[in-house]
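Here's the structure, in structure tokens; my notes come after.
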Amino acid sequence: MARGRRFALILAAGVMALGSLAAAGCGGDDSGSDTSGGDSASVSGDILIDGSSTVAPLTSAAAEAFAGENSGVNITVGTSGTGGGFERFCAGETDISDASRAIEPDEVTACESGGVTYQELRVASDGITVVTGKNGDVGCTNLTLDQLKAVWAPNSQIKNWSEIPGANCNDVPLTLAGPDSQSGTYDFFNEEVLGEDAAGETVTPRQDYTASADDNVIVRAVESAPGTMGYFGFTYYEENADQLTAFTLDGVGPDAATITSADYPLARPLFIYVKDESLSGKPQVAAFVQYYVENAISLAEANQFVPAPQESIDEDLTKLQSPAGTTTG
């Protein structure tokens, strides 16, 4: 996959305001009747987005491109994590929630309690990538999901790469870095790697690791300390591949082909959730979401994401034709 640049920066606070980035290339009515991203009429107003730091760079790229054609639109993209994003979304505080996993039953209930109905739209694909820094010679290149479970289990005492059972790694001290509990990447990884306990709840990992909802913080933790194992979305690995080494998992490496085919063990879809009330009542939201979905594949390719399958994009566009009152989850 060609390496692209991120069109927008995520500030340290996790929030950025976009809009008024470029003069609209078209004039016309600000009523928002056009949903093509500004071909014949620009739209104006605020759009509030929060959620996954994995999805945020793609949403940010869509936001900057859209705002470049609609200078009256102000788009705020927050990165409080998938769980934190859903908390705000179901409370009615945001228009769109970025999510690196599907909405969970308790979040569905929270949205129902808050009177929030929504559309689930798949915008890209991802593969959670397990990495270490190139500055540490750990001596192994493949890990199994069972070996990851041994490392990350809540009772794990593994503190050296050589202690990972059957991995044949070198004698190098092992430290860990990964997402915190607000992250959808954290949820997905634990569900797939650690599984459920006797009560049917996802197992909580060991807690002696550097945890953050910001994937950039995890990247820096891995890069700065030899022998650190970390995990995050594939795009963050691609952007930092000069400093990181990715492991194959069960013999399969993460790349566009294996993620799209789901042969890679930790492949997953990426979503945005859009409030029906915002779609029907805020022309700027309807226009932005239409633009985002219509351009999702090209945006993904330009920003080091694996595109969603065309059939998923087609399904998204169908949903947008008559969204009101539909709850997906």
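Give me the dipole magnitude in Debye, nearest 20, for the range 75-167 about the Cα centre, with unit charges on the beta carbon: positive for Lys and Arg, negative for Asp and Glu. Let's see the in-between values first.
On the way: 6 positive and 13 negative charges, 92 e Å.
So the magnitude is around 440 debye.
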Do any GluC sites (Glu not before Pro) in the range 142-247 lie in a DSSP loop with no more than 10 other beta carbon atoms within 10 Å, and if so, which? 201
Residues whose placed amide H lies under 5 Å from that of residue 232, excluding near-sequence neighbours: 129
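Which percent, nearest 5, of DSSP beta bridges in the chain are antiparallel?
Numbers: 29 of 47 bridges.
If I count the DSSP bridges inside the chain, around 60 percent turn out antiparallel.
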Shape of the range 125-261, Cα gyration tensor, a/c cut at 1.5: rounded
Quick one: 3J(HN,Hα) in Hz for the range 234-251, Karplus 6.51/-1.76/1.60 with θ = phi - 60°, rounded, Gly and Pro as x. 4, 4, 5, 5, 4, 5, 10, 4, 5, 10, 10, 10, 8, 8, 6, 10, 6, x
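When averaged across all projection directions, what area in nm² does the alpha-carbon convex hull of the range 44-148 cover? Can you show the working numbers first?
Values: hull surface 37.9 nm².
The directionally averaged projection comes out at 9.5 nm².
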Using only Cα atoms, locate the centre of the range 168-224 and the centre of the range 47-100, then give the distance between them in Å, rounded to an integer. 24 Å
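Between residue 263 and residue 46, how high is the FRET efficiency from 1/(1 + (r/R0)^6) when r is the Cβ-Cβ distance and R₀ = 35 Å? Nearest 0.05. Working shown, then result.
Working: r = 41 Å, r/R0 = 1.18.
Rounded to the nearest 0.05, the efficiency is 0.25.
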Kindly write out, for the range 73-84 in residue order, the coupling ³J(HN,Hα) from the Karplus curve 6.51 cos²θ - 1.76 cosθ + 1.60 (θ = phi - 60°), rounded to whole Hz, with x marking Gly and Pro. 8, 10, 10, 10, 10, x, 10, 8, x, 4, x, x
Computed log₁₀ I(q)/I(0) - Debye formula, equal Cα scatterers, no solvent, the range 47-101, q 0.13 Å⁻¹: -0.29
Give the residue list of trypsin sites (Lys or Arg not before Pro) in the range 101-183 that are DSSP loop and have at most 16 other beta-carbon atoms within 10 angstrom. 134, 159
Check residue 46: other-chain or 5+ apart residues with amide H under 5 Å from its amide H, H built from backbone geometry? 74
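Just need the relative contact order of the range 115-234 here, percent rounded to a whole number, with Cα pairs under 8 Å and 6+ apart. Don't skip to the answer; put the middle values down first.
Numbers: 200 pairs, mean separation 43.7, N = 120.
After rounding, I find 36 percent.
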Assign unit charges at the C-beta atoms only (+1 for Lys and Arg, -1 for Asp and Glu), then state the dipole size of the range 238-317 relative to its Cα centre in Debye, rounded to the nearest 20. 280 debye
Helix-only [θ] at 222 nm, the chain, -39500 (n - 2.57) per DSSP H run of 4+, per residue, nearest 500, equals -9500 deg cm²/dmol
Cβ-based charge dipole, the chain, positive-most Cα from 92, 114, 300: 300
The answer for residue 139, listing residues at least 5 apart or on another chain whose modeled amide H is closer than 5 Å to its amide H, is 170
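Please give the charge dipole size of the chain, origin at the Cα centre, charges +1 on K and R Cβ atoms and -1 on D and E Cβ atoms. Round to the nearest 20 debye. Can you show the working numbers first?
Details: 15 positive and 47 negative charges, 144 e Å.
I would put it at about 700 debye.
Since every read-out is calculated from the coordinates, none of them should be taken as a lab result. Keep in mind it's a predicted model, so treat the numbers as computed, not measured. Heads up, the Cβs are rebuilt from the backbone with ideal geometry, glycines too, and the neighbour counts pull from every protein chain shown.
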